[in-house]
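The values are calculated or read from the model by the stated rules, or taken from the named source; none is laboratory data. Every value quoted in this text rests on a predicted model; they were computed, and no experiment measured them. Quick reminder, even Gly has a Cβ in these numbers, built from the backbone with ideal geometry, and neighbours come from all protein chains shown.
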Amino acid sequence: MKLLGLIIVLATGALLILATAEFPPWGDPNSPASLHVSPRYIEKTMEETSVPNAVTSVLADYRGFDTMFETTVIFAAGVSCFMLLRLFGKEKSETVHYRHLLTGLTIRVRRRREGLEQLGEFERMDSLWTPHDIILRTLSRFLIPFIQLFALYVIAHGHHSPGGGFQGGVILGASLILMAISQDMNSALERIRERTLAMLSVAGVAIYAGTGAMCLLLGSNFLDYAALARLLWVDPVGARSLGIFLVEVGVGMAVMATMIVIYHNLASEGRLDEGL
Amino acid sequence: MMWELDLLVLSLVVICGVGSLLIRDLLGAAILFGAYSFMMCVLWAIMGAVDVAFTEASVGAGVSTVFFVAAVFHTTRRTKD
């Protein structure tokens, strides 16, 4: 069986390598893509959408339909991870550990006690808890705001430089994942609840589709942002630029929430009580 | 771009990819896969596709490595095959 697999892999690989010989050379000015498609975008992007970064305008405007379904795919991945991993209602009667904040004393109780947590003297801790490394903890605390600021910059500055909703959303999600790793999952979940994350991921996709539907309502094609000019009080070219920005914000929200949901469910085996 | 740099990065991509398949330790495989993603990102940047390189760096080398490590923690570290 292994031999058969190896033969199939080698044959497919050889076929692919043979097929690449038929490709036009890298950067060939006479290839069809460079003759008709690329010049159109490179020359017209600035006057049609006033977005200097042609990649962003192609992704979110000319090929906006593609990106909408890419966002939907990310959302679907998050939902399927949630459905596969999350444990509903199976609250196992496993022991919970608490630490007395003043003395550092650790106690183990049969099940979760709400009263003990509200007392303010005990902190719930993971069963495999180890003392936090002060360097890691302080450094992540210091880094997380800058990572988040950079992520917002990436989303907002996608018109002019590489970046956009997708990358910015992933970086924003990564900052919250870093918080869940460097401290613990409960304190990360206190900052942003599971319910909020679910709402954000749905809202992101809804913003994208809603922007498209709004264009439809204003008597234009789906995702033709020029129609938004009347709503936003700008000229049609500026409306296309602003429409791209709206869509990027939606993508960023959906991607951020999905990444965190996947991480939380993966790291806690769907119980969402303790992380790595 | 210099072809030497191209060749170096491309061979590192192949080494990391094959290494992550062959290694028995799953955590090592996850980290090698992250290195593979990062080398792919450098390759995209060399070819001038900065947007794709950015995505590869944040998704491939960043978040997916974390997902792999999180998954490895809930299974055995050694593979059977």
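Quick notes
- Close contacts from the range A:142-162, counting a first residue that is of a type in the set (Val, Ile, Thr) and surrounded by 15 or more Cβ atoms within 10 Å (Cβ to Cβ) and a second that is modelled with pLDDT under 95 and not in a helix (DSSP H, G or I), with Cβ to Cβ under 8 Å and a gap of 6+ residues or different chains, come to A:154/A:163; A:154/A:164; A:155/A:163; A:155/A:164.
For (1) among the polar types (S, T, N, Q); (2) under 30 Å from residue A:224 (Cα atoms), each residue gets a yes or a no:
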site	(1), (2)
A:3	no, no
A:32	no, yes
A:36	no, yes
A:42	no, yes
A:53	yes, yes
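- Some residue of the range A:22-41 being out of contact with any Gly (no Cβ under 8 Å at 6 or more places or on another chain), assigned to a helix (DSSP H, G or I), among the hydrophobic types (A, V, I, L, M, F, W, C) and modelled with pLDDT of 90 or more: no
- Being touching a residue at least 12 places away in the same chain (Cβ under 8 Å) and either more than 13 Å from chain B (Cβ to nearest Cβ) or crowded, with 19+ Cβ neighbours inside 10 Å (or both) holds for only one residue in A:220, A:201, and it is A:201.
- Residue-level check: of (1) in contact with an Asp or Glu (Cβ under 9 Å, 6 or more places away or on another chain); (2) over 18 Å from residue A:70 (Cα atoms); (3) within 12 Å of chain B (Cβ to nearest Cβ), residue A:237 misses just (3).
- For residue A:60, the criteria (1) within 13 Å of chain B (Cβ to nearest Cβ); (2) assigned to a loop (DSSP other than H, G, I, E, B); (3) small (Gly, Ala, Ser) hold in every case but one, which is (2).
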